[in-house]
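Please treat every number below as a calculation from the coordinates, not as lab data. Everything quoted here is computed from the prediction, not taken from an experiment. Positions of Cβ are backbone-derived with ideal geometry, glycine not excepted, and every protein chain shown enters the neighbour counts.
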Amino acid sequence: MTARQTIEAGKAVLGIEFGSTRIKAVLIDEEKKPIAQGSHEWENQLVDGLWTYSTEAVWYGLQDCYADLRKDVLKQYDCEIESLAAIGFSAMMHGYMAFNEQQQILVPFRTWRNTNTGKAAAELSKLFNYNIPLRWSISHLYQCILDNEEHVADIKYLTTLAGYVHWQVSGQFVLGVGDASGMIPVDPTTKTYDADMVRKFDELIAPKGFSWKLLDILPKSLSAGENAGFLTPEGAKRLDVSGHLKAGIPLCPPEGDAGTGMVATNAVRPRTGNVSAGTSSFSMIVLEKELSKPYEMIDMVTTPDGSLVAMVHCNNCTSDINAWVSLFKEYQELLGVPVDMNQVFGLLYNQALKGDADCGGLISYNYISGEPITGINQGRPLFVRSATSRFNLANFMRAHIHAAVGVLKIGNDVLFNEENVSVDRLTGHGGLFKTPGVGQRILAAALGTPISVMETAGEGGAWGIALLADYTANNPENKNLADWLDQCVFAGNTGTEIKPTQEDVDGFKRYIEAYQKNLAVERAAVEL
C-alpha cells in the first residue's frame, strides 16, 4: 500500500509522546516506518517551588500536536485520518498525579524534575532495602504524607502522565509495566507491583487511617502486547477536535519515555542497553540477573515486557548547552547574520572535537535542576575555570558536552566497575546525537565502550510507542517483544558504531576527576 492507502484503510498506527519540551506524534505504516509527524512545543513551570505542567496545558498540547499531525497528513497525502490500527501514549516517567473520586486533580502535577522528596525516598529505601529514587511516585506520595498534605485522604487514583492521558481517552486505569516500575518497584516474575513492598508501605501508613490501601489507588500493570482498552467517543473528541477520528481504536499499554527509548533502539533483550540524552539523560541496561546490592544512584525498573533494567537517571543534560547556543545566536543576530539553528549547533558541536581531550581545565555544571546522583538538591548552572585553563571556543563547547554526560558516567562506573555488568550493544538516541558523531564520540569516551546510533534515533520515543501500539495490534505469531523487534522492525540494523579512543577515554577521566573535586564549588553556589 502507499502511505495514503494505508491511512485511508485505517491501517496506520499512531504514537504520541509527552516529552519535557515537546509533545510529538508519529504515524507509521505497515512496515513500521514513519509517514507523518506532528508536534507541540511546551515547557514546565516552577509554581510554589515545584516543577509542573497544568492539565490544561496537557490537553491543549495533545490537541495541538494531533492537529499538526493531521495538517501534515493533509499536506502530504490530501486525506483525513478517520481510523487507525492502534494508538499508544507515552510520557516522561515518574512524578505525581493524584485524583479524587470525581477524577479531579488534587494538586498540580509534580514532575520527575522535583527533588523535594529526599526524606521520603531515604525512609522508603531503608524500609524496602531497595533504592527508591526521589522522582518515583511512591516517594512523592509518602512525602505528601510526611508533610501532612490534606489532599492525601481524598486520593482515589494515582498515576503518571502517560497513564492519565490514556485513562481519560479510554476509560481504562492501567499502565505499562515499565512505567509502573517507576511508581513502586515491580516484581519481574509477576510483572506487577512488588507484593512485599506494597504490604510494608500499607503497614507504614496504617496509623494515618486513610480509607485506601496502596493497590486501591494504583493503575493495573500490563505488559507489552496486552490490549489496554479502546478509544472512547469522548476520547476521540478530546484527541481530534476536528471530529474526523472515530472511536473504537485499540490502545496499547501507556508507557514511560524510558521504555519507549528501549524499544526505539531495539534494547529490550538482556545484555543490550541504550542512552537517551535530551533535556534529561538516562542509560538503561537490561540485566541478566539482579545486582548484588542496592545503589542510591541506580534505579531498578523494567522493559515494557517486564525484564529487569538498571537505570542511571540524570536530571540534566542538554538544557544548559541549549542556553549557551542561544547566546551565540543572539550575537549572530547582532551582527545581522541570518541564523540557522541547525547550522549553529552543527558548527559548535564539531568545534568541540578540536578541543583538548580533558577540555583544557574548563568545567561545566549543567544543573538547571537538582542532581540527586551528585547530591545537589537545587538547580545552579555553573561554569568554572582557573586562570591557567585553556579558555577557547573548542574547549568551552567540549566542556559543556562532557558535562551533559558526566553524571551519567559516574552512575555507570558503578555498573561496569563494581557489578561487572556486560553489554553487547549500547545505542544512543535523543537531541545530543543530532549532530552526527559528536555526542556519540564523547559518550563513548565517557563510558569507555562503543556507542551505536541508528538512522531512526531522531524519531525517538513517539516512534517507540507507535511500535508498541503496532506490537499490540499486529503480532499474529505471538512473538516475544525482543524477537518481534529483531525480526519485524530492525531486521539486523544495529546502526553506526563509534569506538572510544584511548586519548578521549583518558581525557574524560581527567575531566571527571576535576568535576568531582570541584563539586564543592557547586554546593556552595546552591547555598547562596
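Using R₀ = 30 Å, calculate the FRET efficiency as 1/(1 + (r/R₀)^6) where r is the Cβ-Cβ separation of V505 and Y331; round to 0.05. Don't jump to the answer; show the numbers that get you there.
Numbers: r = 34 Å, r/R0 = 1.13.
The calculated FRET efficiency here is 0.35.
Rounded to two decimals, the Cα-based Rg/Rh of region 38-136, with Kirkwood Rh, is 1.11. So, R0 is 30 Å and r is the distance between the beta-carbons of V47 and K208; what FRET efficiency does that work out to, to 0.05? After rounding to 0.05, the efficiency reads 0.70. In sequence order, region 346-352 has phi-based couplings of x, 5, 5, 5, 5, 4, 4 Hz under the Karplus curve 6.51 cos²θ - 1.76 cosθ + 1.60, θ = phi - 60°, and Gly or Pro positions carry x. Considering only T435, G492, M454, the residue lying farthest towards the positive end of the dipole of region 417-520 is T435, judged by Cα position with unit charges set on Cβ. Each residue of region 252-257 was assigned a 3J(HN,Hα) from its phi angle through the Karplus expression (A = 6.51, B = -1.76, C = 1.60, θ = phi - 60°), giving 8, x, x, 10, x, 5 Hz with x at Gly and Pro.
With 18 Å as the limit, write out which pairs from K11/K32; K126/K517; K126/K213 have Cα-Cα distances beyond it, or answer none. Provide the component values of the computation, followed by the final result.
Details: K11/K32 11 Å; K126/K517 29 Å; K126/K213 21 Å.
As for pairs spanning more than 18 Å Cα to Cα, those are K126/K517; K126/K213.
How would region 479-527 be classified by its alpha-carbon gyration tensor: rounded, prolate or oblate, with rounded meaning a/c under 1.5 and the a/b versus b/c comparison settling the rest? Oblate, since a/c reaches 1.5 and b/c is not below a/b. Peptides 464-472, 293-301, 229-237, 71-79 ordered by packing proxy, namely the average of other Cβ atoms within 10 Å per residue, highest first: 464-472, 293-301, 229-237, 71-79.
Using just the Cα positions, wrap region 199-265 in a convex hull and report its mean projected area in square nanometres, one decimal place.
On the way: hull surface 30.4 nm².
Projected area, direction-averaged: 7.6 nm².
Per residue, the convex hull around the alpha carbon atoms of the chain comes to 150 Å³. Centroid-to-centroid, using Cα positions, region 313-368 and region 115-130 are 36 Å apart. Dipole magnitude for region 30-185: computed about the Cα centre from +1 point charges on Lys and Arg Cβ and -1 point charges on Asp and Glu Cβ, it is near 520 debye.
Amide H contacts of N131 (H built 1.01 Å from N, in plane; Pro and chain starts excluded): Y295 sit under 5 Å, all sequence-distant by 5 or more or on other chains. Shape analysis of region 159-294 places it in the oblate category; the axes a ≥ b ≥ c from the Cα gyration tensor give an a/c of at least 1.5, with a/b not above b/c.
In a reduced charge model with +1 at each Lys and Arg Cβ and -1 at each Asp and Glu Cβ, the chain shows a dipole moment near 680 debye about its Cα centre. Considering all different alpha carbon pairs of region 243-310, the Kirkwood hydrodynamic radius works out to 13.5 Å. Only aspartates and glutamates eight or more places from K237 in sequence, or on another chain, were considered; those with a Cα closer than 14 Å are D64, E82. Cross-link partners for K191 among the aspartates and glutamates, with Cα-Cα distance under 12 Å and sequence neighbours closer than 8 places in the same chain left out: D179, D305.
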